[in-house]
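J.: Here's a structure for you.
Please treat every number below as a calculation from the coordinates, not as lab data. Treat the numbers as computed from the prediction; the structure is a model and nothing was measured. Note that each Cβ is placed from the backbone with ideal geometry, even for glycine, and that neighbours are counted across all protein chains shown.
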Amino acid sequence: MSKQIGGKVAVVTGGGQGIGRAISLRLAKDGADVAVLDLKLENAEAVAKEVEALGVKAMALQVDVVDRERVVAVMDEVAEKWGKIDILVNNAGLGLFNPFFEVSEEEMDLQFNVNVKGLVFSMQAAASHMIKQNSGKIVNLASQAGRRGEALALSYCMSKAAVISVTQSAGLALAPHKINVNAVAPGVVDTPFWEAVDKKFAKLMDLPEGEPKRQAVAGIPLGRIEQPEDVANVVSFLAGPDSDYVTQQCYNVDGGNWPS
């Protein structure tokens, strides 16, 4: 354990599984106390137990990031119990995929509400505490889908492109308060989320299950599927002191799958 953020308080939304779990555990290994937030309380509680096993404090809290009042209440609860919020990782997200002419207004609204508005609500609520200490690190989860278009993922790509833009604007707004705001853009990550994506794409593309994922992985220059820990490693850098002079950036963490 490097303990590079020992004594810091971190909040991870969507921390109950997949990438969020890996991030929660990595920040704990780095020495932070971690509040694990998730829509499913049982998932958050399971990860919180893993965090505590690493020798730091943990708490599990249920939150739907679209519920602004609840988001504020949860951030206030963390700050009241532990005295501050030093790090926020916005990992909570939703992925919906449909052909172009089947993308409904309801789908676009839901996708944007969770991936963008919920992210902004969380930033505002956490930053209100960070400003008091004149420091903080915010890391948003974008996606390679925010860097390029995908024929079957219009609303998802739209929302993740917005995350990159929001990161830039928030970085400017919070820079005077010494709060760094950055993002990471993962690629094809070996999580339950991508298993669901594979099944959806297989149905839409009339392919056997597993084939869309195989094709996606085959195109990765580094030759393997991404692991949640690959994302967590970069989040660790952005949450720690080595990134003190970095803000408004979006780091591709995709094995070279998308160059820009």
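J.: Taking amide hydrogens as modeled 1.01 Å from N in the peptide plane, which residues meet the under 5 Å criterion relative to Asp254, leaving out close sequence neighbours?
T.: Distant-sequence amide H within range of Asp254: zero hits.
J.: Return one number: the angle in degrees, 0 to 90 and rounded to the nearest 10, between the long axis of the Cα atoms of helix 118-133 and the longest principal axis of the Cα atoms of the chain.
T.: Between helix and principal axis, roughly 20 degrees.
J.: Multiply the residue gap between Ala53 and Asp206 by 0.36 nm, knock off their C-alpha separation, and tell me the result in nm, one decimal place.
T.: On the way: separation 153, 0.36 × 153 = 55.08 nm, distance 4.47 nm.
Value of the extension gain: 50.6 nm.
J.: Which of the lysines could be linked to Lys199 by a straight reach, that is with a Cα gap under 18 Å, when you skip same-chain ones fewer than 8 residues away?
T.: Lys213
J.: Additional query: Any idea what angle helix 228-239 forms with the longest principal axis of the chain, computed on alpha-carbon atoms, 0 to 90 degrees, nearest 10?
T.: Once rounded, one gets 40 degrees.
J.: Can you list the residues, at least 5 places off or on another chain, whose amide H is less than 5 Å from the amide H of Ala183, using H built in the peptide plane?
T.: Placed amide hydrogens put Asn140, Gln249, Cys250, Tyr251 under 5 Å from Ala183.
J.: What does the charge add up to near Gly171, with Lys and Arg as +1, Asp and Glu as -1, over the other residues with Cβ less than 15 Å from its Cβ?
T.: Values: positive: Lys137, Lys178; negative: Asp244.
Around Gly171, the charge tally is +1.
J.: Sticking with this structure for a sec: Along its principal axes, what span do the Cα atoms of the chain show, with the longest given first and each in whole Å?
T.: Answer, in whole Å and largest first: 53, 36, 36 Å.
J.: Treating only the Cβ atoms of Lys and Arg (+1) and Asp and Glu (-1) as charged, compute the dipole magnitude of the chain about its Cα centre; round to the nearest 20 debye.
T.: Details: 25 positive and 32 negative charges, 148 e Å.
The dipole magnitude comes to about 720 debye.
J.: Beyond a 27 Å Cα-Cα separation, which of these cross-linked pairs lie in this structure: Lys8/Lys40; Lys40/Lys81; Lys84/Lys117; Lys29/Lys137; Lys117/Lys137; Lys3/Lys117? Present the calculation step by step, with values, prior to reporting the outcome.
T.: Numbers: Lys8/Lys40 25 Å; Lys40/Lys81 21 Å; Lys84/Lys117 23 Å; Lys29/Lys137 17 Å; Lys117/Lys137 19 Å; Lys3/Lys117 33 Å.
Checking Cα-Cα distances, Lys3/Lys117 exceed 27 Å.
J.: Here is a follow-up. Mind listing the phi-derived Karplus ³J(HN,Hα) values for region 142-159, rounded to whole Hz, using 6.51, -1.76 and 1.60 with θ = phi - 60°, and x for any glycine or proline?
T.: Running phi through 6.51 cos²θ - 1.76 cosθ + 1.60 with θ = phi - 60° gives 8, 5, 4, 5, x, 9, 8, x, 9, 4, 9, 9, 4, 5, 5, 4, 4, 5 Hz.
J.: Can you run phi through the Karplus equation (6.51, -1.76, 1.60; θ = phi - 60°) for region 27-32 and list ³J(HN,Hα) in whole Hz, with x for Gly and Pro?
T.: These are the phi-based 3J(HN,Hα) values: 5, 5, 4, 7, x, 7 Hz.
J.: Tell me the net charge near Phe112. Cut-off is 14 Å between Cβ atoms, Phe112 excluded, with +1 for each Lys or Arg and -1 for each Asp or Glu. Write down the numbers at each step before the final one.
T.: Details: positive: Lys117, Lys160; negative: Glu105, Glu106, Glu107, Asp109.
Its environment carries a net charge of -2.
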